[in-house]
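Each reported figure results from applying straightforward, stated rules to the coordinates on display, with no laboratory input. These figures come from a predicted structure and were not determined experimentally. Every residue, glycine as well, gets a Cβ built from its backbone with ideal geometry; the counts of neighbours run over all protein chains shown.
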Amino acid sequence: MESPFKGDILKGKVSLLTGGGSGIGYEIAAELGKHGSFIAIMGRRIHVLDSAVSALQSLGIQAIGVEGDVRKKEDAARVIDATVKQFGKLDILVNAAAGNFLVPSEDLSPNGFRTVIDIDAVGTFTMCHEALPYLKNGGVIINISATLHYTASWYQVHVSAAKAAVDSLTRSLALEWGTDYGIRVNGIAPGPIEDTTGVAKLITKEVTLKRQKDSAQYRMGKKWDIAMAALYLASDAGNYVNGMTMVVDGGIWLNSPRHMSKEEVKQLSKTVEKRSRDAPVGVPKSNL
Ligand code: HXC
């Protein structure tokens with residue numbers, strides 16, 4: 001789909017994306033690149049990085065891939081160094097690396113819990129911390145989050161805890177680093193996005209169909225939807241936005257079971273209004 005943003009809004013910027021070799025991370029990399037940014041992508045699988053870099057270059061984007069695991073501080077430092085060595089600076093950091101699997105909490109080992117916390121929350125902090133020296137001239141950080149911790153989610157106690165920590169990091173770093181260095185730190189909380197590992201791991205086709213039947217609002221988003229939000233936050237369009245996690249899910253997170261039909265509500269409402277109109281002055285409505 002064609003971007004509504006001008007093609008040069010990120011001209012000359014340098015962006016580093018963790019988890020940039022595939023899925024949402026790759027799509028954001030491609031759109032930042034198409035809008036003028038030099039791109040570095042980080043990931044654990046070199047063959048995935050290699051094919052992503054080729055794809056980016058075929059779009060005319062100057063891109064490199066650097067192997068690394070966000071759980072390792074030395075990898076974070078090395079990847080950031082390689083990015084700055086290649087492009088001379090760093091302006092935009094997108095933390096898109098994440099880990100997930102569905103598991104009832106009673107079957108999740110503490111190490112399984114820790115693994116996801118390490119990737120999503122500690123990894124995000126490590127990347128931000130290592131990148132800080134390069135971002136002090138008005139840099140931008142975007143943390144990819146989720147909505148599942150706004151209430152509670154089945155079989156994702158580990159990811160819920162991790163993403164809650166990510167959102168908290170987003171706010172705290174926006175406060176401290178925004179105040180001290182003019183860095184903007186924001187997040188994006190995607191809904192279910194088609195053709196992603198997340199959806200493949202978390203939702204079956206049957207669940208999707210059932211939810212679509214229950215709500216006209218329930219639909220899969222596209223990776224492009226998330227990339228557009230990232231462009232907004234990374235560019236001057238989002239210049240006055242800091243510490244915010246933007247939900248991009250078509251309104252699914254608002255989902256709440258309907259407890260009364262519209263007809264029942266109209267009836268009840270009319271009865272209550274009539275009762276309160278007819279009530280003697282000074283008598284509490286609760287006594288009627
Ligand atoms: C129970 C599991 C498990 C599973 C792993 N573990 N998979 N427990 N059910 N399905 C446990 C292991 O038993 C082990 O604990 C611990 O987790 C570490 O497992 P490893 O396989 O050694 O970890 P590792 O090789 O580092 O792989 C990390 C991973 C893996 C998270 C488990 O799935 C991964 O690399 N994922 C990255 C890609 C990914 O998941 N993308 C989806 C992101 S979607 P023990 O105790 O046995 O040692 C997303 C959307 C979020 O993030 C928003 C949702 C709405």
Discussion item. Out of the residues in region 98-129 meeting the condition of being of a type outside the set (A, V, I, L, M, F, W, C) and closer than 22 Å to Ile24 by Cβ, tell me which one is farthest from the ligand (Cβ to nearest atom).
Written reply: Thr126
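Go over the candidates Asn143, Asn100 one by one and state the one that is in contact with a Ser or Thr (Cβ under 6 Å, 6 or more places away or on another chain) and of a type outside the set (Gly, Ala, Ser). Before you say what the answer is, go through the steps one by one.
Numbers: Asn100 fails: in contact with a Ser or Thr (Cβ under 6 Å, 6 or more places away or on another chain).
When all the criteria are applied, what remains is Asn143.
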Worksheet item: Conditions: (1) in a helix (DSSP H, G or I); (2) closer than 30 Å to Pro133 by Cα; (3) touching a helix residue (DSSP H, G or I) at 6+ places or on another chain (Cβ under 9 Å). Ser276 meets all but one. Number of the miss?
Response: (2)
